[in-house]
Amino acid sequence: MTPMSSNPYAAPKASFEAGAPSVHEHDQCWREGDILIASSDAHLPPRCVKCNKPARMDSPRAYLWHHPGWYVLIPILVYMVVCLFVRKRAVVVLGLCDEHRRRRRNMAIAAPILGVLGIIGLLGSLGLRSPWLAFFAAVLLVIGAVLAVRSTRLLQPVGITEHEIHLKGCGPAFLDSLPTR
């Protein structure tokens, strides 16, 4: 293989819908390691951010972030009030393939069902005086809470500046198709 020939095993480079502005032309997104960096109002390429398959684009999604140092204000009311003033916001349009969209929808459906079953199980364990039922119900509540969090968060912001948003959670194939800086 000569240095100028293409690598058949390399991840595919970005392909864009006809008429859509190229990410490379406008420098809307790139990668640094495992972090996706995009302009604060970016439209990501029309590919799944998890597996890089062609994807339907979602409506714009707002991401909020504040510096983790604010967690020292853990008393919940103080923390909530301070976060309203120090958080930063960026809106990004991203895509999900049908498989990941279906997975996310199924988690969003399963989470409240498991939560309700857990509450019913806890109430039933009180009447039956069954510690095993209480334990099982508590496990259902925890699993429901984890699914609720996972179904709502596609990518996690790790920083937002005036012009950029830094996101983690993209799949390696999607990141490999983006340019580096």
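Each value in this text was obtained by applying a stated rule to the coordinates, not by laboratory testing. Quantities reported herein were computed from a predicted structural model and do not represent experimental measurements. Ideal geometry is used to build each Cβ from the backbone, glycine not excepted, and the neighbour counts take in all protein chains shown.
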Extending each Cα 7 Å along its Cβ direction at residue 109 and residue 161, get the distance between those two points in nm, one decimal.
4.3 nm
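Taking the Cβ-Cβ separation of residue 62 and residue 150 as r and a Förster radius of 25 Å, what is the calculated FRET efficiency to the nearest 0.05?
0.85
Quick check on the exposure proxy: order 132, 30 from fewest to most C-beta atoms within 10 angstrom.
Details: 132 9, 30 18.
By the 10 Å Cβ count, ascending: 132, 30.
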A chain fully extended from residue 9 to residue 130 at 0.36 nm per residue, minus the present Cα-Cα distance, gains in nm 37.9 nm
